[in-house]
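Student: Please see the structure below; I have some questions.
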Amino acid sequence: MQYGHPTKPRKQTLTDRLSQQFKVQIKSGALRPGDRLPSIRAAAESFGVSKNTVIEAYERLASAGLVTPKHGSGFVVNAAKTPSQSPRPVHVSEAIDIVSLLSAQLDKSYSIRAGDGRPPTSWTEESEIKRYLGPNALRKNEEGYGAAQGIRKIRELVAIGFGERAISVDPDQILMTLGANHALDMIIRYFLAPGDTVLVDDPGYYPLFAKLKLAQVNIVGVKRLANGPSPDDFEEKLQRTNAKLFFTQSYAHNPTGSSIDLPTAHAVLSIAERHGVTIVENDPFKDLMGPSDILLSTIDQFKNVIFVGTFSKTLSAAMRTGYIAGRADLITALTALKMITVVNSSGHIERIVSNVISNGHYRRHIKRLKNRIEKATAASLSNLESIGLDCFAPPKNGYYVFPRFPRGFDDIALAKAAAAKGIFIAPGSLFSIDKDSAPHGIRLNVGHAEDPRLYEFLREELRQ
């Protein structure tokens, strides 16, 4: 007995046809860089379709990097990008030679693959899995593991996303990972040895602290302010340590919700360049940023900054897909390291995510997500204000706010008391390297902070 039904070819929709017409005009030169597409109303009348169909078609063109939405000007045709030469592979250690057979397996140029260690695709993916992933998830002749760097389509889309933030990057400067934590783990493995010293945001991302401890690396905290890392503290810590890396988060910081401003970003980059330290910018909320928000990568353009991104915070926590962006030579070396440790990331998930982006669904999802975050943040701030608590920094489009408590307040005891009532609270001290100077407070996720019992509990604890 067969379960399910054979997959039928997808019918071409009005949106497909309309977006294809504009693609042909752009690629043929009929629409040139800088030209505006017809207004949504004009296009709807001209082609005899609804405004929603035009909007979806234009969003697909934007997701493909062919046009850019300009406030007050509609959609404008982009200049075509000239693909750069792929970097030649480099061998960072003798271990790369050991995995030369694995590298050959990933090479798709062989017509007879008798030495391959994997079963044929027809035995696995094309028999059962394809049914559930849909007709476009798998491509003919794509064998098991796929390229270690990640499928090219998703790297191209990630590069387009950087372009919208005024960051110029080639798809070959992007390495797909199993989420941001996998990316951080590889960077630690590549750059650091036991006994090395690194700088981190303080307070900062505590899973990173655990990884650094596991690698037997010395951790020194740089004081986090409402407008980013303290430049004065950053310079002082660099002067008295031989730190190799500085791990930071520029936008919607975890746990404080703070975001870096332009003067602080310039100061931090200038200090890092002067001391020869590389910055690792871990920003899971990049796709939620507004047009005036700042990344260190925007200013640096990957000369001295390595960027770690993920779709786990914006698309699905269960879809472990992230990436590293940086200099081409570094990405080549990290790709080799990825082959040694995990071979590659999930091509199936990368194809699903790339389809969601290229079809325009991700762009619409981000708009809805922003609206939900804004409403939840406003409600959380109002509730906190009603019980007399202010926050470490004005939050942006991230998930976190950091209500501050009076000095001497025991946040660990607070968390234990909350747990006894079925309330999970993240004590602020767990996010700090220097417990003595840590800001007194807790991290709240606005997406899980709507229950009035939370604020009743906090009000009672503060009263006591």
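Student: Here is a list of conditions, (1) assigned to a loop (DSSP other than H, G, I, E, B); (2) open to solvent by less than 10 Å² (accessible area, probe 1.4 Å), and V353 meets all of them except one; can you say which number that is?
Tutor: (1)
Student: Further, regarding this structure: Being in contact with a Gly (Cβ under 9 Å, 6 or more places away or on another chain), at negative phi, open to solvent by 40 Å² or more (accessible area, probe 1.4 Å) and in a helix (DSSP H, G or I), is that true of even one residue in the stretch 56-79?
Tutor: Yes; the residues of the stretch 56-79 include at least one that is in contact with a Gly (Cβ under 9 Å, 6 or more places away or on another chain), at negative phi, open to solvent by 40 Å² or more (accessible area, probe 1.4 Å) and in a helix (DSSP H, G or I).
Student: Conditions first: (1) modelled with pLDDT of 85 or more; (2) part of a helix (DSSP H, G or I); (3) more than 21 Å from the chain's Cα centre (by Cα); (4) not polar (S, T, N, Q). D436 passes all but one, so which condition is the exception?
Tutor: (1)
Student: Within the stretch 146-181, how many residues are open to solvent by 20 Å² or more (accessible area, probe 1.4 Å), closer than 20 Å to F302 by Cβ and touching a Gly at 6+ places or on another chain (Cβ under 7 Å)?
Tutor: 3
Student: Touching a residue at least 12 places away in the same chain (Cβ under 8 Å), of a type outside the set (K, R) and open to solvent by 80 Å² or more (accessible area, probe 1.4 Å): which single residue out of L430, L384, L444, L462 fits that description?
Tutor: L430
Student: Suppose we filter G290, G276, G221 for residues that are more than 25 Å from D202 (Cβ to Cβ) and either open to solvent by 10 Å² or more (accessible area, probe 1.4 Å) or over 21 Å from the mean Cα position of the chain (by Cα) (or both); which single one remains?
Tutor: Just a single option satisfies the conditions, and that option is G290.
Student: Could you list, in sequence order, all residues of the stretch 193-210 that are surrounded by fewer than 20 Cβ atoms within 10 Å (Cβ to Cβ) and not aromatic (F, W, Y)?
Tutor: A193, P194, G195, D196, T197, P207, A210 - these are the residues of the stretch 193-210 that are surrounded by fewer than 20 Cβ atoms within 10 Å (Cβ to Cβ) and not aromatic (F, W, Y).
Student: Here are the criteria: (1) touching a residue at least 60 places away in the same chain (Cβ under 8 Å); (2) in contact with a Lys or Arg (Cβ under 7 Å, 6 or more places away or on another chain). Tell me which single one I187 does not satisfy.
Tutor: With respect to (1) touching a residue at least 60 places away in the same chain (Cβ under 8 Å); (2) in contact with a Lys or Arg (Cβ under 7 Å, 6 or more places away or on another chain), I187 is out only on (2).
Table: residues versus (1) within 25 Å of A166 (Cβ to Cβ); (2) in contact with an Asp or Glu (Cβ under 6 Å, 6 or more places away or on another chain); (3) surrounded by fewer than 17 Cβ atoms within 10 Å (Cβ to Cβ); (4) of a type in the set (V, I, T).
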position: L295; (1), (2), (3), (4): yes, no, no, no
position: L315; (1), (2), (3), (4): yes, no, no, no
position: T341; (1), (2), (3), (4): no, no, yes, yes
position: H361; (1), (2), (3), (4): yes, no, yes, no
position: I373; (1), (2), (3), (4): yes, no, no, yes
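Student: Right, another one. Restricted to the stretch 401-413, and to residues that are surrounded by 13 or more Cβ atoms within 10 Å (Cβ to Cβ) and closer than 13 Å to P439 by Cβ, which residue is modelled with the lowest pLDDT?
Tutor: Applying the filter and picking the extreme gives F409.
The values are calculated or read from the model by the stated rules, or taken from the named source; none is laboratory data. Since we're looking at a predicted model, the values are computed, not measured. Note that each Cβ is placed from the backbone with ideal geometry, even for glycine, and that neighbours are counted across all protein chains shown. Side chains are part of the model used for accessible areas, which takes the heavy atoms of the whole protein and leaves out ligands, DNA and RNA. Shrake-Rupley method; radii C 1.70, N 1.55, O 1.52, S 1.80 Å.
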